[in-house]
Every structure is written in structure tokens, then in C-alpha cells.
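**Q** Input: one structure, supplied below.
Read the figures in this text as sums done on the coordinates, not as results from a lab. Note that the structure is predicted; figures quoted are calculated from it, not measured. So basically every Cβ, Gly included, is an ideal-geometry build from the backbone, and we count neighbours across all protein chains shown.
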Amino acid sequence: MPRYLTRLAAAAGLLLSTGVGAWAVEISISCSALGKEYEVCKEGVDAWAQKTGNTVKIVSTPNSATERLALYQQLLAAGAGDIDVFQIDVVWTGILGEHFQDLTPKTQGVLEQHLPAMVDISRVDSKIVAMPWFADAGLLYYRQDLLEKYNRKVPQTWAELTETARIIQEGERKAGNNDFWGYVWQGRAYEGLTTNALEWIASNNGGTIVNATGEVTIENPNAAEALKTAAGWVGTITPEGVLNYTEEESRGVFQAGNAAFMRNWPYAWALAQGDDSTIKGKVGVAPLPKGGADGRHAGTLGGQLLAVSKYSKNAEAATDLVMYLTNRDEQKRRAVKGSFNPTILTLYEDADVTKASPFIGNLRDVFANAVTRPSGVTGDNYNKVSTEFFNAVHQVLSKRSEPEQALQRLDRDLKRIKRNGW
Ligand code: GLC
């Protein structure tokens with residue numbers, strides 16, 4: 001064989017063995033960037049790029065889930081192929097599902113490994129339109145050191161939380177920290193407020209806005225009572241600024257050492273325990289409080305999925321990236337590094353995962369009691385339902401409306417949406 005051919009054959013062999021081929025493509029993926037999320041996503045996609053010889057571009061997205069949805073709706077409605085892989089919220093499959101590839105054939109033998117609730121959420125009309133990536137549930141973060149200092153227990157009911165938060169706040173302010181608050185959470189008028197308010201209401205036996213058969217159930221005294229309690233926190237144990245907080249603003253206050261309690265998702269754990277955190281080693285995690293003695297612990301089920309756009313020009317490579325990022329090894333790495341809660345069940349018993357997030361074993365109960373938002377039953381109307389709900393709640397929190405009136409109006413508005421079809 002002439003020398004140049006031998007060289008060519010050797011080069012081709014090398015390319016094949018490293019997986020780099022002439023078919024290498026560029027895939028773009030939208031990752032959210034809460035806390036460490038961008039960094040952890042980048043490490044995952046870089047590893048896939050290295051393995052396959054493809055390149056990946058990350059498009060970062062707004063922190064507010066509501067703004068992110070609006071961006072995706074715009075891109076997808078235009079049939080834009082700019083983003084191949086979308087990180088989507090568990091409540092968006094009904095809204096966006098028609099724009100995604102059917103992944104069902106690729107998921108045979110894989111789905112059984114995942115939390116059933118997350119698999120249910122990934123399906124639209126029996127098609128898998130996205131792969132489960134990580135599961136979220138609302139959690140109560142508390143300052144263990146301060147509970148000890150003030151000789152208080154982890155609160156089991158919202159009334160106990162209110163009292164303990166007030167005691168610690170008064171004590172810390174007397175001791176000189178005027179910026180100290182009892183309880184921080186997410187109160188901006190966006191999807192995050194829907195998740196918080198659903199927890200207050202469901203934990204107080206006030207239902208889930210719309211029930212499993214599609215009836216609007218929100219106008220009830222237990223729901224009104226729950227909203228009244230929450231409105232009472234604003235300006236007392238919670239800063240007024242909470243009315244504009246998303247996850248990251250509340251984490252900012254808590255992680256700076258300026259709050260006794262915080263409601264947030266699991267991702268906040270890895271950051272609170274980070275080397276640069278002022279509260280490292282001082283934090284505990286528990287289920288959110290119950291509405292009262294006969295209420296229940298109710299964390300909202302959240303989480304994120306990965307979907308492949310129908311308009312992708314490289315759907316095969318994009319699907320391969322999705323399957324890689326959602327596989328066991330990558331979910332484990334993300335759980336250890338960023339406390340992103342796996343959707344693969346066996347990881348809840350994995351020693352490295354439980355070492356990194358010691359509370360993760362208890363999360364099984366939190367998930368068993370988790371409340372789901374009515375996204376399945378309201379389908380592509382979910383965003384309208386949620387928007388009416390968070391706006392009504394925001395009015396109550398900002399004292400522009402009494403809970404009863406707000407819920408009465410909300411009931412009327414939701415029934416109007418329902419009449420147009422769900
Ligand atoms: C988290 C959850 C998601 C929820 C959002 C609200 O990203 O994973 O399900 O809708 O927070 O802010």
C-alpha cells in the first residue's frame with residue numbers, strides 16, 4: 001500500500017477509536033443556571049462531547065420558571081431549531097409536549113429505573129416526550145445551631161414555625177443583627193409562588209387548586225386560612241422583599257446567615273454546605289410543616305426533564321446526549337456534586353450519594369407525600385391556571401385582597417378557563 005494510504009488508514013483508525021468522525025455535530029442545550037447548575041451541567045455535557053467527538057453549546061436561561069417557559073414557547077412556536085435539547089419543568093410536558101420528539105423507543109428498559117411519579121409526568125398520550133433528569137420537592141431548611149441556642153425543636157406545624165421564627169428573629173436582632181429574619185421563601189408572582197402556596201394549602205387540607213378529576217376546588221375555608229397565615233408572615237418574620245423573591249434571592253439571605261428558616265429545593269443543600277458558605281455545618285433539612293395537628297406534610301413535587309426538539313437538525317445526537325445526561329452515572333455525579341435529587345431509585349441507597357446529602361433517605365417519604373400541581377389534568381391550560389393562582393396569592397400576600405375574596409374571584413376565573421376546555 002502506498003505510504004500516503006497507510007497514513008490515511010491509520011488516521012481514520014485513530015478517528016474511529018476516539019469516536020471522532022466526520023459526522024461530528026454541534027448540539028445546543030438549554031440549561032438553567034440556579035446556583036451551581038450551569039457548572040454541573042457543563043461538566044456533564046463536556047464529558048459527552050469528549051466521548052462522542054461532538055461539540056455542545058449551552059444556552060443559559062432565565063432563573064424564573066415562568067420567564068423560562070415564555071422564552072421556550074416563543075422559540076418553539078416559531079419552529080426554531082436553535083436549541084436541540086431543552087431542560088423543561090415537570091409541569092410543562094402538557095404545554096410543550098407537541099414540540100418534542102417521541103423518545104419512547106429509546107427508553108425501553110430504562111424507564112423502570114426511574115421514580116414512577118417522574119415517569120408519569122414525562123408522558124403525554126402514552127408517549128415519552130422527555131426523560132426524567134432530577135426530582136425536586138419543597139423542603140424546610142433550618143439553622144440547627146440557632147434551634148439549639150434558643151432551645152427549640154424543628155417545627156412540625158406552621159404555627160410552631162411562626163413562633164420559633166419570631167423567637168429566633170427577636171433574639172438575633174437584640175444580639176445586634178438587624179438584618180436577621182425568621183423565614184424566607186419564594187413570593188414573587190411566578191411559578192415558584194404556585195409551588196409554595198400549594199404547600200401551605202395542601203398541608204392545611206385545602207386541596208390542590210384543581211382536583212384529579214378536573215374540578216376547581218380552590219374556594220374553601222382551609223385554603224383561605226392557609227393564605228391568611230402566610231400573609232401574616234410578610235413584614236413580621238419574613239421581609240417584605242419576599243414578594244419579589246425567587247429561589248436564589250431566598251437562598252442569598254439564608255446562606256448569608258440572615259434567616260432561621262428557608263423553604264427551598266434540594267439544590268440549596270450543596271451550596272449551603274459549600275466551602276465558601278457562612279452556614280456550612282449549621283444547617284438541617286426537614287419536611288415542610290403541617291397545617292395543624294390534623295394537617296399533613298406537603299412538599300410540592302418539582303423537577304426537571306430533558307426533551308429533544310422536533311425542530312432539531314441533529315435529533316439522533318441530541319437524543320444520545322439526553323440519554324447520557326439522564327443515565328445512572330451522570331445522575332450520581334450530579335447528586336454528589338450539586339445535590340440534584342436523582343430520579344433513578346437505586347441511587348437513594350448509594351453510599352456516596354447518601355454521604356453527600358445525608359437527608360436524602362428521608363426524601364423518600366417527602367416524595368411519597370409530595371403534592372403534584374394540577375398540570376396533568378389541566379394539560380396545555382396549566383400555565384393559565386397557575387398564573388391566575390399565583391397572581392391571586394400575590395394579592396393576598398401584598399395585602400391588596402382578603403383571602404376569601406381573592407379565592408372567590410380565582411374560583412370564577414379558573415372555571416372560565418375550564419369552560420374553554422380541559
Ligand atoms: C424548580 C422545580 C420546578 C418548579 C420551579 C418553581 O425549578 O424543579 O418544578 O416549577 O422550581 O420555581
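**Q** Over the range 273-406, how many percent of alpha carbon pairs lie in each 5 Å bin up to the one with the longest distance?
**A** Percent of pairs per bin, in order: 2, 8, 11, 13, 15, 16, 14, 11, 7, 3, 1, 0.
**Q** More than 31 angstrom separation, counting every C-alpha pair in the chain; what % is that?
**A** 41
**Q** Using a cut-off of 18 Å between alpha-carbon atoms, which lysines can reach residue 355, once sequence neighbours fewer than 8 places away in the same chain are excluded?
**A** 280, 282, 332, 337
**Q** Order of 236-242, 131-137, 68-74 by packing, highest average Cβ count within 10 Å first?
**A** Working: 236-242: 19.9, 131-137: 25.9, 68-74: 17.0.
Output ranking for 236-242, 131-137, 68-74: 131-137, 236-242, 68-74.
**Q** Order these by the 10 Å Cβ neighbour count, fewest first: 229, 52.
**A** If I rank by nearby Cβ atoms, fewest first, I get 229, 52.
**Q** Based on other C-beta atoms within 10 Å, arrange 390, 86 from fewest to most.
**A** Final ranking by Cβ density, sparse to dense: 390, 86.
**Q** Lysines within cross-link reach of residue 418: Cα-Cα under 18 Å, excluding same-chain residues under 8 positions apart?
**A** Partners found: 384.
**Q** Could you sort the peptides 116-124, 319-327 by per-residue average Cβ neighbour count (10 Å cutoff), highest mean leading? Numbers along the way, then the final one.
**A** Details: 116-124: 19.2, 319-327: 20.9.
So the peptides 116-124, 319-327, ranked by packing, come out 319-327, 116-124.
**Q** So how do 346, 93, 354 line up by other beta-carbon neighbours within 10 Å, fewest first?
**A** Starting with the residue having the fewest Cβ neighbours, the order is 346, 354, 93.
**Q** Which lysines, if any, have their Cα less than 16 Å from the Cα of residue 127, not counting same-chain residues under 8 positions apart?
**A** 106, 310
**Q** Another question about this same structure. What FRET efficiency do you get for residue 354 and residue 127 if R0 is 30 Å and r is their Cβ-Cβ distance, rounded to the nearest 0.05?
**A** Details: r = 34 Å, r/R0 = 1.14.
Efficiency computed from Cβ-Cβ geometry: 0.30.
**Q** List the trypsin sites (Lys or Arg not before Pro) in the range 151-222 that DSSP assigns to loop (not H, G, I, E or B) and whose Cβ has at most 16 other Cβ atoms within 10 Å. Which are they?
**A** Here the trypsin sites (Lys or Arg not before Pro) that fit, given the DSSP loop and packing criteria, are 153.
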